[in-house]
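Trainee: For reference, the structure I am asking about is given below.
The values are calculated or read from the model by the stated rules, or taken from the named source; none is laboratory data. As the structure is a prediction and not an experimental result, all values here were calculated from the model. FYI the Cβ positions are ideal-geometry reconstructions off the backbone, even for glycines, and counts take in every protein chain you see.
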Amino acid sequence: MSTPDDVQPPRVRRQPTRRNLELLLLVFAWGLGMLGILQVTWATGETAGDSLWITAAVVAALSLAMHAVVRWKARYADPVMLPVATLLTILGLVMIYRIDVAAASRADLNGNPSPTPDVYSQLTWFTVAVILFVSVLVLLRDHRILQRYTYTLGLAGLILLVLPLAPVIGTTVNGATLWIRLGGFSFQPAELAKILLTVFFAGYLVEKRDSLALVRTKVVGIGLPRVKDLGPILFAWLVSLGVLIFETDLGTSLLFFGLFVTMLYIATQRRSWLVLGGLLFAAGALLAYYLFGHVRLRVTVWLDPWAYADDSGYQIVQSLFGLANGGILGAGLGQGFPNLVPFANTDFIVAALGEELGLTGLVAMLLLYAVLIERGLRTAVSVRDPFGQLLAAGLSITLALQVFVIIGGVTRLIPLTGLTTPFLSYGGSSLIANWIIVALLLRVSDRARRPEVMTPSPDDAVTQVVRRT
């Protein structure tokens, strides 16, 4: 017979944390960055001064700090996401440094004072992003806590979305009202709004997906939801149009609406939502084209940039020349002309990379993004709770939409929209927001990969034979 003392304690199924693999990949990413910096200094004739080595040391310290916190607070998290995001950020720093060198050289030829290097500002923003990355992993012990604040975070996201319209602090740059300015600092609140709204969408769809999945009628074999359930998608459509109308921000408008429709489809598995979303997108695009001159201008330049090569189409034409100059293998780091493209370190950093690294480098960069997004979607599939599934999927889709929209615009696949390239482009708002996304994905991944505690069954108990005396 068995006694209570004979029952074995719960067992934890062993699972490797794979943190050593993460550390090895981080070292590899840092090494590639160092090779890139040395190549730029060699090709441009710059000297590798103390500031360059200090920058390299700071990047290494920040990377190790993130790894240490992940090892401490999310030890079962995916081992690939952090190194890939770090490598993309380091590539961005290398390319921004390359553009700084080109700008300084051009200023010297024209007899002008050298501009302030942007690479140090970007390094400062990277430091802030790492601090927030660490804060998310330390303070947010379980991603499911966010579900409690679904509507609060949704309201905060909407406030951030319209905050640039506020008097005094709202700022218009290059025709788009995207920024707020406080003192000497400027920030793009829509970058944080996309995270808060993703959390809101995930919490809302978990709560309402059963009613949103109901089918009442069928048209051409496609099930359509009830009329009263059309409210959410119509609201998202109107908000995205409002962003386009009042802030002149085509990129955020596309990102916001595309994210909601995609998450709605994932939550309900109803193709009807994709059809309705596509119809509403087409209607909104036509409406924007005929009502707003800036949208019409972007479409016109997209269709024939060469006709506007001296004014409105100058930027896209120069980027196409740069990509053509790069060819298959590229001109080589430090041997192209990225300074000929306006805003090469922000909107068109992909064109600068394509010129110096060629089509091969661009494909490799796209593969890095594909790996990061695939790992996020894999996390969505493997996590057990519905909120975590939608949250991880939404955050991954946010990155995917950004990459598609900006690279599609630079390569003239679609009209330019003004979004920045995640991790690569110069700018603190985008860098901070994307590193927060990585932190949230790692938190969900840790929960998904964490081993289960196995409670032994009665059959596993030790049986003893007791003889009568």
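Trainee: Scan the stretch 406-424 and give yes if some residue there is part of a loop (DSSP other than H, G, I, E, B), on the phi > 0 side of the Ramachandran plot and not basic (K, R), otherwise no. Show your work before the answer.
Mentor: Restricting attention to the stretch 406-424, the residues satisfying the condition of being part of a loop (DSSP other than H, G, I, E, B) are 411-424.
Still in the running and on the phi > 0 side of the Ramachandran plot: 412, 418, 423.
From what is left, the residues that are not basic (K, R) are 418, 423.
The answer is yes; a qualifying residue exists.
Trainee: While we're looking at this one, here's another question. Which condition does F343 not pass, out of (1) over 23 Å from the mean Cα position of the chain (by Cα); (2) part of a loop (DSSP other than H, G, I, E, B); (3) of a type in the set (F, W, Y), if it passes all the others?
Mentor: All conditions pass for F343, except number (1).
Trainee: Quick check on the stretch 68-91: of everything there that is surrounded by fewer than 21 Cβ atoms within 10 Å (Cβ to Cβ) and of a type outside the set (A, V, I, L, M), which residue is farthest from the chain's Cα centre (by Cα)?
Mentor: Out of the qualifying residues, it is W72.
Trainee: Which residues, taken from the stretch 334-359, are closer than 17 Å to L419 by Cβ and charged (D, E, K, R)?
Mentor: D347
Trainee: Next question. Could you list, in sequence order, all residues of the stretch 23-73 that are among the charged types (D, E, K, R), in contact (Cβ under 8 Å) with a residue 40 or more places away in the chain and part of a helix (DSSP H, G or I)? Quick ask: steps written out before the conclusion?
Mentor: Step one: filter the stretch 23-73 for residues among the charged types (D, E, K, R), giving 46, 50, 71, 73.
Filter once more, so that each one left must be in contact (Cβ under 8 Å) with a residue 40 or more places away in the chain: 46, 71, 73.
Once the filter is applied, which keeps residues that are among the charged types (D, E, K, R), in contact (Cβ under 8 Å) with a residue 40 or more places away in the chain and part of a helix (DSSP H, G or I), the stretch 23-73 yields R71, K73.
Trainee: On the given criteria, is W53 over 24 Å from N339 (Cβ atoms) and over 25 Å from the mean Cα position of the chain (by Cα)?
Mentor: Yes; evaluated as a whole, the condition is true for this residue.
Trainee: Is it the case that some residue within the stretch 28-48 is buried (at least 18 other Cβ atoms within 10 Å of the Cβ), in contact with a Lys or Arg (Cβ under 7 Å, 6 or more places away or on another chain) and within 27 Å of A331 (Cα to Cα)?
Mentor: Yes, some residue in the stretch 28-48 is buried (at least 18 other Cβ atoms within 10 Å of the Cβ), in contact with a Lys or Arg (Cβ under 7 Å, 6 or more places away or on another chain) and within 27 Å of A331 (Cα to Cα).
Trainee: Condition first: closer than 19 Å to L238 by Cα and without any contact (Cβ under 8 Å) to a residue 40 or more places away in the chain. Now tell me which residues in the stretch 163-192 satisfy that.
Mentor: L163, the sole residue that qualifies.
Trainee: What about Q122, is it surrounded by 21 or more Cβ atoms within 10 Å (Cβ to Cβ) and either modelled with pLDDT under 95 or on the phi > 0 side of the Ramachandran plot (or both)? Spell out the reasoning first.
Mentor: On the way: surrounded by 21 or more Cβ atoms within 10 Å (Cβ to Cβ): yes; either modelled with pLDDT under 95 or on the phi > 0 side of the Ramachandran plot (or both): yes.
Here the answer is yes, as Q122 does meet what is asked.
Trainee: Given the structure, is T127 within 16 Å of N434 (Cβ to Cβ), surrounded by fewer than 16 Cβ atoms within 10 Å (Cβ to Cβ) and either over 17 Å from the mean Cα position of the chain (by Cα) or modelled with pLDDT under 80 (or both)?
Mentor: On the way: within 16 Å of N434 (Cβ to Cβ): yes; surrounded by fewer than 16 Cβ atoms within 10 Å (Cβ to Cβ): yes; either over 17 Å from the mean Cα position of the chain (by Cα) or modelled with pLDDT under 80 (or both): yes.
Spelling it out, T127 is indeed within 16 Å of N434 (Cβ to Cβ), surrounded by fewer than 16 Cβ atoms within 10 Å (Cβ to Cβ) and either over 17 Å from the mean Cα position of the chain (by Cα) or modelled with pLDDT under 80 (or both).
Trainee: Pull out all pairs, ordered by first then second residue, where Cβ-Cβ is under 7 Å, the residues are six or more apart or on different chains, the first lies in the stretch 339-359 and is more than 23 Å from T116 (Cβ to Cβ), and the second is in a loop (DSSP other than H, G, I, E, B) and among the hydrophobic types (A, V, I, L, M, F, W, C).
Mentor: E355/A331; G358/I328; G358/L329; L359/I328
Trainee: In the stretch 101-115, which residues are without any contact (Cβ under 8 Å) to a residue 40 or more places away in the chain and either more than 20 Å from T47 (Cβ to Cβ) or touching a helix residue (DSSP H, G or I) at 6+ places or on another chain (Cβ under 9 Å) (or both)? Let's see the steps before the verdict.
Mentor: First, the residues of the stretch 101-115 that are without any contact (Cβ under 8 Å) to a residue 40 or more places away in the chain: 104, 107-115.
Matches in the stretch 101-115: N110, G111, N112, P113, S114, P115.
Trainee: Would you check which residues across the stretch 74-106 are touching a Ser or Thr at 6+ places or on another chain (Cβ under 7 Å) and not in a helix (DSSP H, G or I) and list them?
Mentor: R75, Y76, A77, D78, listed by residue number.
Trainee: Out of the residues in the stretch 243-299 that are within 30 Å of Q389 (Cα to Cα) and of a type in the set (S, T, N, Q), which is modelled with the highest pLDDT? Walk me through how you get there before you give the answer.
Mentor: First pass over the stretch 243-299, keeping only residues within 30 Å of Q389 (Cα to Cα): 243-244, 249-282, 284.
Then keep just the ones that are of a type in the set (S, T, N, Q); that gives 252-253, 262, 268-269, 272.
Details: T252: 79, S253: 81, T262: 91, T268: 85, Q269: 84, S272: 80.
Residue satisfying both the conditions and the ranking: T262.
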